[in-house]
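Every read-out reported here was derived from the displayed coordinates using simple, explicitly stated rules and does not represent laboratory data. Bear in mind that the values here come from a model prediction, so they are computed numbers and not experimental data. In this analysis, Cβ positions are derived from the backbone assuming ideal geometry, glycine residues included, and neighbour counts consider all displayed protein chains.
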Amino acid sequence: MGMHEAQRKSARRNLMAGLFRYDRIKTTETRARAIRGETEKLLTIAVKGYTASRAHLRTVVEDEDKANQLLAFARRGRFSLSKRVLSNEERADLGKPPLTDQGRRFQEQKLKARRDELLRIISNEDEAEKGLQAAYEAMVIELRARRRILKSLPDELVVKRIFDELAPRYVGRHGGYTRITKLGRRQGDAAQMVQIALV
């Protein structure tokens with residue numbers, strides 16, 4: 001790609017973002033070959049991060065369905081079974097404003113609903129607490145991989161799609177995530193056109 005460094009970097013990022021967003025793009029053969037290697041590396045990072053986070057969670061929670069439910073629960077924010085609504089005196093010591101009776105009831109109902117939801121997933125309190133802690137640790141493992149990808153491809157929606165849709169699709173596959181198909185020559189400059197697609 002005969003461009004200046006910054007322009008070339010931007011073009012590669014846009015091509016990769018388009019490929020991850022739409023699963024296939026039509027471009028010249030030179031550009032497709034230029035992004036193929038980096039695309040494969042980013043997908044490998046995502047798959048390794050995804051599998052490492054799931055493996056860590058499975059050490060504590062063996063049931064895959066429960067593990068997925070626990071991870072979805074953990075993604076909605078920090079929680080602990082020992083968490084409680086603080087009194088107004090305790091809130092004042094922490095520099096927080098006091099709660100009204102209605103606000104206190106709302107907070108207590110919210111905590112009770114989260115507690116009940118967690119105990120529906122895993123009924124034993126100790127196991128639920130351990131499982132939730134493992135889910136938070138699994139999120140950190142996955143976050144590390146997300147940040148590595150965001151360095152090369154700073155588009156959060158694309159990275160979200162990589163981890164939500166593409167990484168689970170390629171678990172168990174070691175490379176070979178893309179396919180280049182020749183489409184013929186472009187009118188005008190006769191450049192070789194190809195379609196690069198995610199397999």
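Which of the lysines could a cross-linker span from K110 if the Cα-Cα distance has to be under 23 Å and same-chain partners fewer than 8 positions apart are dropped?
Result set, ordered by chain and number: K66, K83, K96, K130.
To test your reading of the geometry: what angle, between 0 and 90 degrees and rounded to tens, separates the Cα axis of helix 29-58 from the longest principal axis of the chain?
Taking Cα atoms only, the helix is inclined about 20 degrees.
Any chance you could run the full-extension gain for K26 through R76? It's 0.36 nm times the residue separation minus the Cα-Cα distance, nm to one decimal. Each step should come with its number before you reach the end.
Details: separation 50, 0.36 × 50 = 18.00 nm, distance 3.81 nm.
Stretched out fully, the K26 to R76 stretch lengthens by 14.2 nm.
log10 I(q)/I(0), Debye, Cα-only region 72-141, no solvent, q = 0.17, 0.28 Å⁻¹?
With no solvent term, the Cα-only Debye profile gives -0.72, -1.19.
Can you list the residues, at least 5 places off or on another chain, whose amide H is less than 5 Å from the amide H of T178, using H built in the peptide plane?
Residues meeting the criterion, in which the H sits 1.01 Å from N, are V199.
Would you work out the relative contact order for region 5-198, in percent, from Cα pairs under 8 angstrom that are 6 or more residues apart? Could the numbers behind the result be given before it?
Details: 193 pairs, mean separation 78.8, N = 194.
It rounds to 41 percent for region 5-198.
Using helices alone, I'd like the mean residue ellipticity at 222 nm for the chain: each DSSP H run of four-plus residues gives -39500 (n - 2.57), total over residue count, nearest 500.
Values: 7 runs with 120 residues, N = 199.
The helix-only estimate for the chain comes to -20000 deg cm²/dmol at 222 nm.
On a 0 to 90 degree scale, rounded to 10, what angle separates helix 64-74 from the longest Cα axis of the chain?
80 degrees
Charges only on Cβ, +1 for Lys and Arg, -1 for Asp and Glu: so what's the dipole of the chain about the Cα centre, in debye to the nearest 20? The partial results should precede the final answer.
Numbers: 43 positive and 27 negative charges, 237 e Å.
About 1140 debye.
At a temperature of 10 °C and a viscosity of 1.306 mPa s, determine how fast the chain diffuses translationally according to Stokes-Einstein, using the Kirkwood radius over alpha-carbon pairs as Rh; express D in µm²/s, rounded to the nearest whole number. Can you show the working numbers first?
Numbers: Rh = 20.2 Å.
After rounding, the answer is 79 µm²/s.
Rg to Rh for region 110-158: what is it, with Cα atoms only and Rh by Kirkwood?
Ratio of gyration radius to Kirkwood radius for region 110-158: 1.21.
Starting from the amide H of D63, placed 1.01 Å from N in the peptide plane, find each other amide H under 5 Å away whose residue is 5 or more places distant or on another chain.
Excluding prolines and chain starts, which carry no amide H, there are no hits.
Run the numbers for L150 and R104: contour at 0.36 nm per residue of separation, minus the present Cα-Cα distance, in nm. Working shown, then result.
Values: separation 46, 0.36 × 46 = 16.56 nm, distance 4.00 nm.
Net length gain for the segment: 12.6 nm.
Could you work out Rg/(2.2 N^0.38 Å) for region 96-199, with Rg from alpha carbons only?
Working it through for region 96-199, the quotient is 1.86.
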